[in-house]
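Note sheet for the following structure.
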Amino acid sequence: MTAATDAAAAAPSARRRGARIGSGVASYLGFVPAILLLGLCFLVPFGIIVCYSFWETIDYAVVHHWTLDNYRYFFSVSAYVSTMWWTLVFLYDRPAVILVLVYLYFPFGALTLYSSIDNFDWNQLRAAMDLGASPLQAIFRILVPQIKPGIITAIIFVFIPILGEYLTPQIVGGTGGVMIGNLIANFFQEAEYTRGAAISLLVAAFIVLLLVIFRKSLSAKEAYGA
């Protein structure tokens, strides 16, 4: 009698748990297309790039032999390291490359900064100058700290795409305006797939590191001054 009573009492509880699990699963069904799209268009290609970066190219054929030689090769050639360095600091031999990149990416930074500055109370600057601060002191001590999330977001919006730029330096930079994107493209064009994959992974790792450093300022609500 007791066992039957316990079973009868447990049945509604089991049904409720099943209903909760079912509703929880149903709430995530809408994400299935996005997950499939992310997996097919990003995770799968990224996994292939990771594998290629640890394989070898012998006689223009990819050999599935795991090694770190591609990374050692990149850091052993000073020209490659210097190209990476000049890409990271936005300095090139050809002023035309700088001019064109500024022209292309200025809207990304300007729009993001405008969204942050638009909500700033300019009376604070006037109050600071009335209290004896110079215009520059008022800007760096009052304005900049309050729009810092927007500044960081603008840097990310501009810096990350520039890391992959190769067409602009190729068109207007000549041999003196080579960036890391051109180096990666050259490796793939020469069938050096594993070395190109290794450098691509280094760039991706740097981008991830950049995002981790600024992770507290990547909130859309903060970045747009909401």
note = Those residues of the stretch 137-176 that are among the polar types (S, T, N, Q), closer than 15 Å to Leu113 by Cα and surrounded by fewer than 17 Cβ atoms within 10 Å (Cβ to Cβ) come to a total of 1
ask   = Filtering the stretch 91-114 down to residues that are modelled with pLDDT under 80 and touching a Phe, Trp or Tyr at 6+ places or on another chain (Cβ under 8 Å), which residue is surrounded by the fewest Cβ atoms within 10 Å (Cβ to Cβ)?
value = Ile98
ask   = Does Phe187 qualify as being surrounded by 14 or more Cβ atoms within 10 Å (Cβ to Cβ), modelled with pLDDT of 85 or more and part of a helix (DSSP H, G or I)?
value = yes
query = Quick one: is Val203 modelled with pLDDT of 80 or more, among the hydrophobic types (A, V, I, L, M, F, W, C) and in contact with a Gly (Cβ under 8 Å, 6 or more places away or on another chain)?
reply = yes
request  = Check Ala197 against each of (1) among the aliphatic types (A, V, I, L, M); (2) buried (at least 19 other Cβ atoms within 10 Å of the Cβ); (3) closer than 26 Å to Ala96 by Cα and name the one condition it does not meet.
outcome  = (3)
query = Say we look at the stretch 45-80 and pick out the residues that are hydrophobic (A, V, I, L, M, F, W, C), more than 10 Å from Ala197 (Cα to Cα) and in contact (Cβ under 8 Å) with a residue 40 or more places away in the chain; which of these is surrounded by the fewest Cβ atoms within 10 Å (Cβ to Cβ)?
reply = Val62
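The values are calculated or read from the model by the stated rules, or taken from the named source; none is laboratory data. Keep in mind that this is a model prediction, so the values were computed, not measured. Using ideal geometry, Cβ is built from the backbone for each residue, glycine included, and neighbour counts are taken over all protein chains shown.
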